[in-house]
């Protein structure tokens, strides 16, 4: 293996292995980042993770299922440091799938400055998320608040009758964020 | 690779056969044996650093209440104990063993890329200086656990960029080491050394190196995203900006689970070298060992979410990850059965390396069984984040990975130094370690089943007795390791001269070399029958 040709053949072989492996390293580094959009797509397709997204439900005529009653619970939380008071006006409702309901959340700006906030919804249990359809929601838009302003913000929703039968309680949770620290 | 070597060229090698003198030898060395030694010594040092963190933790947990450290320092110590032991002790030890052994086991003159080899070692001391320096920063070191889950990890103070940079450096070092191992094994095997004739230590390292190439960049990506979330206003893991903290767990464990096998596959290789030697029989089921290793490596990519059964996955996900995890027991079982069959009706003797290897087989299997219990998704809701998990992974990592490293060092040290180890001291070290490690970790199973959470500096009174027993075991195990240090130093300095074969039943290319191994070996490739 000490001859000149075998030495240069070896160097070529080594270079080829290194090149391929470095390519694999770069590809896996990129794959790590690609997981971020892939994860979102997967959650949207499957409705996993309670992500209801910002999508507006298509209002189509459905039969109201009077025989079934589902409890909907409303939860509100503030992201750390968001200077609001934020709470649901009603904490639980008994609803029939297929019927429209409206409820409101109350928010009050605790500062003497103008603030912009955004509510991010989440539905539990996860499999119920895509059957919880919001027709109108304050979470679709940014919410501007004058200093000290208090406001009731509506959400109109309908529970799809195709909600899995084992689900008896659905929890709708909003987390309110101050938009500056959301990075956009 | 021809064996028709020109004799004239060999004289050139003989003239610079010895190593240069002084510090420069170690700083600028490209010799695989020197670099292997550096890796092993560094890893030994980190083993004692990480071990002293663990002893502070166990001293605090000796009784309920807060006695020795405040909770914030306690959290820093748990985090750093894990990072130091994983990236500083276990992984570099395996790379060190690979550096020493892979070339002399396949008949290569050195690693394929010797300069890169030097670089991949010398990054490590800087990475760990950076990591450990965070203990002295205002606000202290990282305290959110080695898994770095956001948003908790993002609350780390000034230490945060130091930790991320240190992890990047460790990753680069590992990736370069892995590239080197693969290039060496693929290109530098002696004529006749076909893949299916390679010693199992070489096989397991080849597969481990591919795992490293596949997942270390993913970890680098994950920590880079954390860095961006903290300093550049992105929202990968920030729900306020449309991100999701759970996504970090998915990305992290996509790295983390193969990482677990990175820390155990080379151990399988070492044990597969040692048991045939002292059972004086060839390894039972060589080919099945190779395929089992490859299957474990493949399965490691599709089981990651069993670390996060409680995050609220859908039923289908829980079932998939539960069954795929249980599937790993099959190739692992093949390995355990093969080791036992190798010993079956062998002419066994119980020198120190063999004692550690047998303890590995038994105790690693206990760790594997508790892993199976954790794989049962509905049961995991009870075990999750308790001391049961701590007991499980310490059983596979301490009497698993660490015992295999010690077995390997005791096994090959006579070859490297030319001196036999002090057998009596080695056996004393073994018995103290094996008793210590079980007294240390076995009670933690009971603590976990009774509901004691992990990573907490204080606990409810009913956990006191088992915690005391565990702490006593910890100090017994910890201080016994000084015997290992003493024995290694004494063997390097002198001792009964070792023969070339060292152990009566040893087979393979490395045992055809003189003891101690000359500075340059196999400059003329041997021919394997």
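Every number in this text was worked out from the coordinates using simple rules, so none of it is lab data. In this text, all values refer to a predicted model and were calculated from it rather than measured experimentally. Methodologically, a virtual Cβ is constructed for each residue, glycine included, from the backbone with ideal geometry; neighbour enumeration extends over all protein chains shown.
Taking the average, over residues, of other Cβ atoms within 10 Å as the packing measure, peptides B:383-391, A:90-98 rank B:383-391, A:90-98 from highest down.
Give the angle, between 0 and 90 degrees and rounded to the nearest 10, that separates the Cα long axis of helix B:403-417 from the longest principal axis of the Cα atoms of chain B. Between the helix axis and the principal axis of chain B, the angle is about 30 degrees.
Starting from the Cα gyration tensor of segment B:327-372, take the square roots of the eigenvalues, sort them a ≥ b ≥ c, and report rounded, prolate or oblate (rounded when a/c is under 1.5, otherwise prolate if a/b is larger than b/c, else oblate). Since a/c reaches 1.5 but b/c is at least a/b, the shape of segment B:327-372 is classed as oblate. In segment B:44-108, the alpha-carbon atoms span a convex hull of 69 Å³ per residue.
Dimensions of the protein assembly as shown along the principal axes, based on C-alpha atoms and rounded to the nearest Å, stand at 90, 62, 50, largest first.
Using the alpha carbons alone, the radius of gyration of chain B stands to its Kirkwood radius in an Rg to Rh ratio of 0.96. Peptide B:447-460 is shielded by partner chain Cβ atoms: per residue, an average of 0 of them sit within 10 Å of its Cβ. Counting Cβ atoms of other protein chains within 10 Å of each residue's Cβ and taking the mean over peptide A:31-40 gives 6. Output the 0 to 90 degree angle, nearest 10, between the alpha-carbon long axis of helix A:4-46 and the longest principal axis computed from the alpha carbons of chain A. In chain A, helix A:4-46 runs at an angle near 10 degrees to the longest axis. Each part gets one Cα centre, and for segment B:309-367 versus segment A:67-98 those centres are 48 Å apart.
Restricted to Cα atoms, segment A:54-179 shows a radius of gyration and a Dmax of 15.3, 49 angstrom. Annotation: peptides B:131-144, A:73-86, ranked by per-residue average of other Cβ atoms within 10 Å with the highest first, follow the order B:131-144, A:73-86.
On a per residue basis, the convex hull of the C-alpha atoms belonging to segment B:21-70 measures out at 91 Å³. Per-peptide packing, taken as the mean over residues of other Cβ atoms within 10 Å, places B:74-84, B:281-291 in the sequence B:74-84, B:281-291 from highest down.
On a 0 to 90° scale, report how tilted helix B:464-493 is relative to the longest principal axis of chain B, with both axes built from alpha carbons and the result rounded to the nearest 10. On a 0 to 90 degree scale, this one is about 20. Per the Debye formula on identical point scatterers at the alpha carbon atoms of segment A:1-46, with no solvent, log10 I(q)/I(0) at q = 0.16, 0.22, 0.23, 0.28 Å⁻¹ is -0.60, -0.76, -0.79, -0.89. Per-residue mean of foreign Cβ neighbours for B:307-316 is 2 (Cβ atoms of other chains, 10 Å radius). When only alpha carbons are used to place a centre, segment B:75-147 and segment B:171-250 end up 14 Å from one another. In chain A, helices alone account for a calculated mean residue ellipticity at 222 nm of -8500 deg cm²/dmol, with every DSSP H run of four or more residues adding -39,500 (n - 2.57). Determine the calculated [θ] at 222 nm for chain B from helices alone, applying -39500 (n - 2.57) to every DSSP H run no shorter than 4 residues and normalising by the residue count; nearest 500 deg cm²/dmol. Calculated at 222 nm, the ellipticity per residue is -22000 deg cm²/dmol. Pairwise Cα distances in segment B:30-155 exceed 21 Å for 49 percent of all pairs.
Largest GNM mean-square fluctuation across A:89, A:153, A:28, computed for chain A with C-alpha springs under 10 Å, falls on A:28.
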